[in-house]
1. Please return the ranges of helices (runs of 4 or more DSSP H) entirely within region 85-196 where 1 or more residues are in contact with a helix residue (DSSP H, G or I) (Cβ under 6 Å, 6 or more places away or on another chain) and within 21 Å of Gly208 (Cα to Cα).
2. Give Val75, Val80 a once-over and let me know the one that is open to solvent by less than 40 Å² (accessible area, probe 1.4 Å), free of Cβ contacts under 8 Å to residues at least 40 places away in the same chain and not in a helix (DSSP H, G or I).
3. Which one of these does Gly227 not meet: (1) open to solvent by 60 Å² or more (accessible area, probe 1.4 Å); (2) in a helix (DSSP H, G or I)?
4. Between Phe97, Phe115, which is touching a strand residue (DSSP E or B) at 6+ places or on another chain (Cβ under 7 Å) and either in contact (Cβ under 8 Å) with a residue 40 or more places away in the chain or within 15 Å of the ligand (Cβ to nearest atom) (or both)?
5. Give me a count of the residues in region 164-181 that are open to solvent by less than 30 Å² (accessible area, probe 1.4 Å) and out of contact with any strand residue (DSSP E or B) (no Cβ under 7 Å at 6 or more places or on another chain).
6. Return a yes/no flag: does region 53-60 have any residue that is within 7 Å of the ligand (Cβ to nearest atom), open to solvent by less than 60 Å² (accessible area, probe 1.4 Å) and hydroxyl-bearing (Ser, Thr, Tyr).
7. Against the definition (within 10 Å of the ligand (Cβ to nearest atom) and crowded, with 20+ Cβ neighbours inside 10 Å), how does Phe68 come out, yes or no?
8. Keeping to region 149-158, report how many residues are open to solvent by less than 60 Å² (accessible area, probe 1.4 Å) and modelled with pLDDT of 95 or more.
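The values are calculated or read from the model by the stated rules, or taken from the named source; none is laboratory data. Please read these numbers as outputs of a predicted model, since none were measured by experiment. No Cβ is skipped: glycine too gets one built from the backbone with ideal geometry, and neighbour counts run over all protein chains shown. Keep in mind that these areas ignore ligands, DNA and RNA; they rest on the heavy atoms of the full protein, side chains included. Shrake-Rupley method; radii C 1.70, N 1.55, O 1.52, S 1.80 Å.
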Amino acid sequence: MRKVLNFPTQVDVLGTMRIIIFGPPGAGKGTISASLIKRFGIPQVSTGDLLRESIRKMDDIGRKAKPFMDEGQLVPDEIVIALLSGRLHQPDALQGFILDGFPRTLNQAEELKQFAGIEHVLNLKSSRQVIMKRLSGRRTCSKCNAIYHITNLPPKKEGICDKCGGALFQRNDDNPKTIAKRLKAYRLQTMPLIKYYRKEGILKDIDGEQQSIQKIVDDCIKAIENG
Ligand code: AMP
């Protein structure tokens, strides 16, 4: 059931808010969007999380996606697009959403255009060195998908999620060999999208290497509100 708020949310004031958070694996897309959804009152939609959920359930999509994900390769477009389209048609996403990890190919961007107009694309920029460090220390909650880092953002109790008490785990694909493959897939298949969205005039570059997560979040909010 939708929570009744007695003050207008950003979405009520500004209309729909369909945002893509863009950047290489480890740029901080998940962490930053977790803060942005609180501010704007819209859901975060991560295709990586949706795929991992399918793998946990071992449903048809999960069985098909797993070998690609384990190898650090992109899951075929038709699988991801079907999964995403289903999610974006749910009631909580009708007024807006933050897309994390989608689109990753030009074809996905074109397909997305058919069912959702995008207002803002935030391009989180980070160097390879910072990314490698972040991904190898990343821990994820098995229950609520909250993201931690063993040194930059440790949980209060080792191995336990502060928010829901779930067990933290290291993702299968967060090992140096698979990280290198994921970065290659990003460079070859996903980076062309930067040009694509810049041409559309909706891409905003954000310095994703700043020490303070709050500062990165503030820069994203400014970029969105200044439109
Ligand atoms: P992420 O959680 O965004 O780092 O995604 C983890 C993995 O899920 C990626 O390495 C891909 O194998 C797969 N994946 C997530 N989103 C997509 C997408 N939009 N297109 C293709 N594969 C994806």
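1. Here the list reads 128-136, 176-185.
2. Of the residues listed, the single one that is open to solvent by less than 40 Å² (accessible area, probe 1.4 Å), free of Cβ contacts under 8 Å to residues at least 40 places away in the same chain and not in a helix (DSSP H, G or I) is Val75.
3. (2)
4. So the residue among Phe97, Phe115 that is touching a strand residue (DSSP E or B) at 6+ places or on another chain (Cβ under 7 Å) and either in contact (Cβ under 8 Å) with a residue 40 or more places away in the chain or within 15 Å of the ligand (Cβ to nearest atom) (or both) is Phe97.
5. Result for region 164-181: 3.
6. Checked against the condition, which is being within 7 Å of the ligand (Cβ to nearest atom), open to solvent by less than 60 Å² (accessible area, probe 1.4 Å) and hydroxyl-bearing (Ser, Thr, Tyr), region 53-60 yields no hits at all.
7. Taking the combined requirement at face value, the residue does not satisfy it.
8. Adding up the residues that qualify gives 1.
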